[in-house]
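A short write-up of the structure that comes next.
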Amino acid sequence: MSISPDQTRPASTSTSTSTSKATPVQTTKPWTTPTARLASYDESSAEGLTSKLRQRLKRATAAAARDGITVRITSGRRSVAKQRKLLNEAIVKYGSRQAAMRWVLPPEYSAHVKGRAVDIGPRAAMSWMNKNGWRYGICRRYDNEPWHFEALTSPGMKCPAREPYATPTSD
């Protein structure tokens, strides 16, 4: 379920008092801020993902939106060429292929190339997904990448233990 831009949640109110005067100040914040409106699932950013991951992300993103959290897919399925380019850039950045592969795997090992992984943002979305993703079968895979999520379990089941960092494995 997504919330359309013209739907609103009741405004929240809070009252605070100043220490110099006991005058209450009321603030309201409508739910339809631009950030909240963007919390709906963006099908174009899920292009090329497996249907399993795409459907799970759709449900998780809707739940996050109900909690006022915007989930954006910052990187989804990648081509072999793009993955190779990212790896080459990481080799330059980290000084060796071995060090770079803690962050970027070669195309033949990358879950992104297979459409089975997404990187998400912003930070609040990473935190929400880390805490709630298991409900939808979406898990953070690596300790060193708080943005990287995959469909690693069945919805409602505990996520597997995280790996410290990416390692080339065939699965």
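The values are calculated or read from the model by the stated rules, or taken from the named source; none is laboratory data. Bear in mind the structure is a predicted one, so any value in this text is a computation, not a measurement. For neighbour counting, all protein chains shown are included, and Cβ atoms are generated from backbone atoms with ideal geometry for every residue, glycine included. Ligands, DNA and RNA are excluded from the accessible area calculation, which covers all protein heavy atoms including side chains. Shrake-Rupley method; radii C 1.70, N 1.55, O 1.52, S 1.80 Å.
Remarks
- Residue in the range 122-142 that is in contact (Cβ under 8 Å) with a residue 24 or more places away in the chain and under 17 Å from Q83 (Cβ atoms) present: yes
- Identity of the residue in the range 138-155, in contact with a Gly (Cβ under 9 Å, 6 or more places away or on another chain) and open to solvent by 10 Å² or more (accessible area, probe 1.4 Å), that ends up nearest to V104 (Cα to Cα): W147
- Options R56, R37, R77; residue that is under 19 Å from G137 (Cα atoms), at pLDDT below 95 and crowded, with 17+ Cβ neighbours inside 10 Å: R77
- Subset of the range 59-74 (residues that are in a helix (DSSP H, G or I) and open to solvent by less than 30 Å² (accessible area, probe 1.4 Å)): A60, T61, A62, A63, A64, A65
- Only a single item in (1) part of a loop (DSSP other than H, G, I, E, B); (2) without any contact (Cβ under 8 Å) to a residue 24 or more places away in the chain; (3) not basic (K, R) is not met by T167, and it is number (2).
- Pairing each residue of the range 143-160 that is among the hydrophobic types (A, V, I, L, M, F, W, C) with any residue that is part of a loop (DSSP other than H, G, I, E, B) and open to solvent by 60 Å² or more (accessible area, probe 1.4 Å), provided the two are 6+ apart or on different chains, yields C-beta distances under 8 Å for A151/R116; L152/P160; C159/L152.
- Complete set of residues in the range 122-153 that are under 8 Å from the mean Cα position of the chain (by Cα) and closer than 15 Å to K58 by Cβ: A125, M129, F149
- Some residue of the range 88-108 being in contact with a Phe, Trp or Tyr (Cβ under 6 Å, 6 or more places away or on another chain) and surrounded by 21 or more Cβ atoms within 10 Å (Cβ to Cβ): yes
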